[in-house]
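Have a look at the structure below before the remarks.
The values are calculated or read from the model by the stated rules, or taken from the named source; none is laboratory data. All values derive from a computational prediction rather than experimental measurement. Cβ atoms come from the backbone with ideal geometry, glycine included; neighbour counts cover every protein chain shown.
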């Protein structure tokens, strides 16, 4: 492609959108002019455009490092729908096909090439790229899922650390590293490991306002899941996460018995079964995938309407990333989790009994505590998530369970003052376990070693049980009064917002395990908007025109051999249904309908609309 044109024109003509979102345009311009970039953008925020458009603007081919072989085909199929010349190179190709892709690469016939990190690091492929650089040229290197570089992350891929070779061998080629999930330590590690110290950082908001977060106390989780699905997602695609392979298998089988189109996915299944199940999930409507965390990274399906957790994830990062697979199209979606004390015990045992070094175990347990604090928090779920990632939320979201159905609380001001004072008196460098020992007056070896039995806070918390103190500390962390110092292996330290609590200037109310107390959401203007949006979307499900548009999309997808969302996203179909275009020119103004799709499918869509008008 690489014709002299503007980013705005490419966005409109190829991708079918009139305007960029957030910092997309700034990122595109920065990379297109040769700058390196680190992009943190939530799932569904439009990360792919941030490297696809610069690759089309710059001379040469854009090389995209992607860790998921199974999804490269769908990514390339989606680009072919837009008449973008794209290909992939991975172990799924036979030798003849791989050689032909390499010949296309050398002849300068590709705009984008997707490559697995293992292939990228092969000496023969690096030598091939040097030939490409000398002939057609390399437009950029895009390193997708860049958090895979972090040894502390749950998606660690050691080969990612060797990708510094790209900068060493091709110092003039701009690099863009992209991820949807990275707390401050992970971000620092990405910069260090990929030598991106000079890269410009673009950090978008982590807020996913279209997701309704809900955490419920476990009480026959399968029945609770069934009630959730029946009431809100009777024909929707979704993901159900379980901790163990056996639970995945059992839950998928049970859902099938109840009449749901459910499939299992975990690392213990043979590759053919995993790939077949993933393909069905991506290419069919209304399929539920029951999975371990082995499933999900890089999933491009935009109309996943719910993510349900029957077991606790390991961390807030994991929870955020997994729930972020819902509602990528921007339409309303649910993140539902059933949480019980048994989950906490199981997860702690699993983390503590692993082979990781002690400092890593401490860090993982601290991350788990942050997630438990989120589960137990009485405050807005959106606020709590954003605070964890260092971002402030302007107010109650009005669309999570805590905003719409507040739980019973108790006045924990005095307990909070004791807990915070103990953090301060012990030097702001100990974890919750040690602090609770001090509050309960336990003369443990560590307490004795640091002479903490001589502190004024020693033994002042005996009126509360250890479990309640654990909950107090988790909620104080979730509310932002304490933060974990990851560099000090999770030691707790005070934040500026803790001062008014210690001075007795503010009250603290903490969550109890009572049933939620219903209250009207009328005070939340955002809630009313979210509710209306959800009602408007959910009500289209039985509309004959909506069904006709989806049926035509499925027919076209099967003819092309691609997932339905590659033809049009649900959000595009919804706009078509709302605007009812009568001409190709009117259809061209619908977001998501570019020139190639207008040519391919415009007449078919207009025919559906005409038939329904008659």
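Filtered by the rule that a residue be assigned to a strand (DSSP E or B) and within 18 Å of the chain's Cα centre (by Cα), the range 24-47 gives 38, 39, 40.
Of all the residues in the range 193-223, those that are farther than 20 Å from residue 322 by Cα and either part of a strand (DSSP E or B) or out of contact with any helix residue (DSSP H, G or I) (no Cβ under 9 Å at 6 or more places or on another chain) (or both) number 7. The residues listed here are 84, 101, 64; of these, the one that is assigned by TED's automatic domain parsing to the domain that holds residue 17, within 23 Å of residue 566 (Cα to Cα), surrounded by fewer than 20 Cβ atoms within 10 Å (Cβ to Cβ) and modelled with pLDDT of 90 or more is 101. Scanning the range 230-266 for residues that are in contact with a helix residue (DSSP H, G or I) (Cβ under 9 Å, 6 or more places away or on another chain), touching a residue at least 40 places away in the same chain (Cβ under 8 Å), assigned to a helix (DSSP H, G or I) and buried (at least 19 other Cβ atoms within 10 Å of the Cβ) yields a single hit, 251.
Scanning the range 464-511 for residues that are on the phi > 0 side of the Ramachandran plot and either surrounded by fewer than 21 Cβ atoms within 10 Å (Cβ to Cβ) or at pLDDT 90 or above (or both) yields 480, 489, 504. Restricting attention to the range 127-147, which residues are part of a helix (DSSP H, G or I) and surrounded by 15 or more Cβ atoms within 10 Å (Cβ to Cβ)? Within the range 127-147, 128, 129, 132, 133, 146, 147 meet the criteria.
Can you find a residue that is at pLDDT below 90 and in contact with a helix residue (DSSP H, G or I) (Cβ under 6 Å, 6 or more places away or on another chain) anywhere in the range 441-461? Show your work before the answer.
To start, the set of residues in the range 441-461 that are at pLDDT below 90 comprises none.
No, there is no match, as no residue in the range 441-461 is at pLDDT below 90 and in contact with a helix residue (DSSP H, G or I) (Cβ under 6 Å, 6 or more places away or on another chain).
Give the residues of the range 373-407 that are over 19 Å from residue 324 (Cβ atoms) and out of contact with any strand residue (DSSP E or B) (no Cβ under 8 Å at 6 or more places or on another chain), sorted by residue number. Hits for the range 373-407 are 373, 379, 392, 394, 395, 396, 398, 402, 403, 404, 405, 406. Remark: residue 352 matches the filter, which requires a residue to be exposed (fewer than 14 other Cβ atoms within 10 Å of the Cβ) and more than 18 Å from the chain's Cα centre (by Cα). Per the conditions (1) at pLDDT below 90; (2) surrounded by 17 or more Cβ atoms within 10 Å (Cβ to Cβ); (3) under 21 Å from residue 333 (Cα atoms), the sole criterion not satisfied by residue 562 is (3). For the range 330-340, the criterion of a residue being part of a helix (DSSP H, G or I) and surrounded by fewer than 17 Cβ atoms within 10 Å (Cβ to Cβ) is satisfied by no position.
Taken together, 555, 586, 559 contain a single residue that is free of Cβ contacts under 8 Å to residues at least 40 places away in the same chain and either over 16 Å from residue 284 (Cβ atoms) or touching a helix residue (DSSP H, G or I) at 6+ places or on another chain (Cβ under 6 Å) (or both), which is 586. Free of Cβ contacts under 8 Å to residues at least 40 places away in the same chain, closer than 29 Å to residue 74 by Cα and assigned to a loop (DSSP other than H, G, I, E, B): does that describe residue 326? In short, no. In the range 6-23, the count of residues that are crowded, with 21+ Cβ neighbours inside 10 Å and in a loop (DSSP other than H, G, I, E, B) is one or more.
A quick yes/no check of all residues on (1) crowded, with 21+ Cβ neighbours inside 10 Å; (2) touching a residue at least 60 places away in the same chain (Cβ under 8 Å); (3) closer than 21 Å to residue 201 by Cα:
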{"residue": "112", "(1), (2), (3)": "yes, yes, no"}
{"residue": "115", "(1), (2), (3)": "yes, no, no"}
{"residue": "149", "(1), (2), (3)": "yes, no, yes"}
{"residue": "160", "(1), (2), (3)": "yes, yes, yes"}
{"residue": "163", "(1), (2), (3)": "yes, yes, yes"}
{"residue": "169", "(1), (2), (3)": "no, no, no"}
{"residue": "179", "(1), (2), (3)": "yes, yes, yes"}
{"residue": "188", "(1), (2), (3)": "no, no, yes"}
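Quick one: count up the residues across the range 46-61 that are out of contact with any strand residue (DSSP E or B) (no Cβ under 9 Å at 6 or more places or on another chain) and surrounded by fewer than 24 Cβ atoms within 10 Å (Cβ to Cβ). Going through the range 46-61 one residue at a time, the tally reaches 2. Scanning the range 341-374 for residues that are touching a helix residue (DSSP H, G or I) at 6+ places or on another chain (Cβ under 8 Å) and outside any helix (DSSP H, G or I) turns up 354, 356.
Can you pull out the residues in the range 430-454 that are surrounded by fewer than 15 Cβ atoms within 10 Å (Cβ to Cβ) and either closer than 19 Å to residue 494 by Cα or touching a strand residue (DSSP E or B) at 6+ places or on another chain (Cβ under 6 Å) (or both)? Of everything in the range 430-454, nothing turns out to be surrounded by fewer than 15 Cβ atoms within 10 Å (Cβ to Cβ) and either closer than 19 Å to residue 494 by Cα or touching a strand residue (DSSP E or B) at 6+ places or on another chain (Cβ under 6 Å) (or both).
Only one of the numbered conditions (1) under 33 Å from the mean Cα position of the chain (by Cα); (2) without any contact (Cβ under 8 Å) to a residue 60 or more places away in the chain; (3) on the phi > 0 side of the Ramachandran plot is violated by residue 108, and that is (1).
A single entry from 467, 456, 421, 471 fulfils the requirement of being part of a helix (DSSP H, G or I), in the same structural domain as residue 503 (by TED's automatic domain parsing) and more than 21 Å from residue 362 (Cα to Cα): 421.
Could you tell me whether residue 409 is without any contact (Cβ under 8 Å) to a residue 24 or more places away in the chain and on the phi < 0 side of the Ramachandran plot? Answer is no for this residue.
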